[in-house]
1. Go from 0 up to the bin containing the longest alpha carbon distance in the stretch 178-326, width 5 Å each, and give me the % of pairs per bin.
2. Where the centre of each part is set by its Cα atoms, how far does the stretch 272-315 sit from the stretch 111-134, in angstrom?
3. Based on the Kirkwood radius over alpha-carbon pairs, what value in µm²/s does the Stokes-Einstein equation return for the translational diffusion coefficient of the chain at 4 °C and 1.567 mPa s?
4. Can you tell me the alpha carbon radius of gyration of the stretch 129-189 divided by the globular rule-of-thumb value 2.2 N^0.38 Å?
5. Convert each backbone phi in the stretch 255-260 into a coupling constant with the Karplus relation 6.51 cos²θ - 1.76 cosθ + 1.60 (shift: θ = phi - 60°), then list the ³J(HN,Hα) values in order as whole Hz, x for Gly and Pro.
6. Around A79, with a cut-off of 13 angstrom between Cβ atoms, what is the net charge of the other residues, counting Lys and Arg +1 and Asp and Glu -1?
7. I'm a student and want to see the number: the projected area of the Cα convex hull of the stretch 73-137, averaged over all directions, in nm².
8. Which order do the peptides 250-258, 109-117, 91-99, 26-34 take when ranked by the mean count of other beta-carbon atoms within 10 Å per residue, highest first?
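Just so it is clear, none of the values below were taken in a lab; they were calculated from the coordinates. All values reported here derive from a predicted model rather than from experimental measurement. Note: ideal-geometry Cβ built from the backbone for every residue, glycine included; neighbour counts use all protein chains shown.
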Amino acid sequence: MGIRIIGTGMYVPERILTNADLEKMVDTSDEWITTRTGIKNRRIADAETTTSDLAFQAARNALLMADLPASSLDLIIVATVTPDKVFPSTACLLQTKLGAGPCLCFDLEAACSGLLYAIEVAHAMMAASPNYRRALVVGAEKLSAITDWTDRNTCVIFGDGAGAVILDKSDDYANDFYLAGKLCADGQYADILQLPAGGSALPASHTTVDERQHYVKMGGSKTFQMAISLMANTCAELLEQTGMSWNQVRWLIPHQANERILTAVGARLGIPERVYVNIRDYGNTSSASIGIALDELNRAGKIQPGDFIMLTAFGGGLTWGALLLRW
Ligand code: UT7
């Protein structure tokens, strides 16, 4: 009995927001954004499009690749910090859009580490219970809805999108895709990356709106430093735990936080050429970024059956971690 990833999918909205567009919105420049973040373009959803719409497109593409109907799913997890509504969950809304049956559906909130957390949870549920044979795991974000378009410290970074994987359990699979995982959190650092208002701590009011408290607030440089050391250290520890070497790992797929972070992680681990980077085109899409990267690599034939890949992420919470997978 094994569990495998049998489908991947991604979706990004059509509208492209360029650095030149941002130059007209805030006091910034293409040169600053390019050299400090590596980002040239990001995709922005229109006002009517919700996170569950983005998740739906990515999930449909993953189901098409797996050649499976949505009715065959036993479990749907959506990782997101931009749910359509506080409740019901975006996973329930996605279930209906897909036409899936009455399966178990829930959202998981671990910010940019969301997809890794969700894969960890889905795998553990599938391994433990005969009730879950097939799972859809989606990372989906409409970050444009929580971005302060007057704040140059944050608005140049984020973009919208979704990435999905289908996990399948079968006696036919000799191997399991999951080799090792290490997922962590430290709530002491909750304040450095957060959306302050709209929850029970600071319910929505005229004051919270006037003070722009419904947008992402980020301590950029502190986050930057911690992202590098926590992702690099966790990947190194995980690899050591398995007794494998970096020569055996085809790709390191990090959350696309900032190109300088990804370059620094690759340099620390001594594998700069194997770090997958696509932030130039999409910006930082939080829990969606690793799913988008996985699907791009998969569809381009750059991951082959049997390849070992390491996923790593870091985000609000703080949360971070890494998964070592066999494709
Ligand atoms: O997704 C997971 C969590 N998020 C991250 O991992 C993001 C991590 N952080 C970052 O990516 C970077 O810290 C940023 C891209 C957000 C900022 O880059 P930085 O190199 O850390 O810049 P900084 O915040 O230290 O600011 C340096 C200067 C400041 O000016 P002064 O005080 O030196 O005069 C900022 O006001 O750059 C200024 N600045 C800008 N200038 C032009 C900040 N944002 C901009 C901007 N355009 N958009």
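1. Over the stretch 178-326, the share of Cα pairs per 5 Å bin runs 2, 9, 18, 20, 18, 13, 8, 6, 4, 2, 1, 0 percent.
2. 19
3. Answer, rounded: 66 µm²/s.
4. Numbers: Rg = 18.3 Å, N = 61, 2.2 N^0.38 = 10.5 Å.
Relative to the 2.2 N^0.38 Å estimate, the stretch 129-189 comes out at 1.74.
5. Values per residue, Gly and Pro as x: 4, 7, 8, 5, 4, 5 Hz.
6. -4
7. Working: hull surface 16.3 nm².
The orientation-averaged projected area of the Cα hull of the stretch 73-137 comes to 4.1 nm².
8. Working: 250-258: 25.1, 109-117: 28.7, 91-99: 19.9, 26-34: 14.1.
Taking the mean over residues of other Cβ atoms within 10 Å, the ranking is 109-117, 250-258, 91-99, 26-34.
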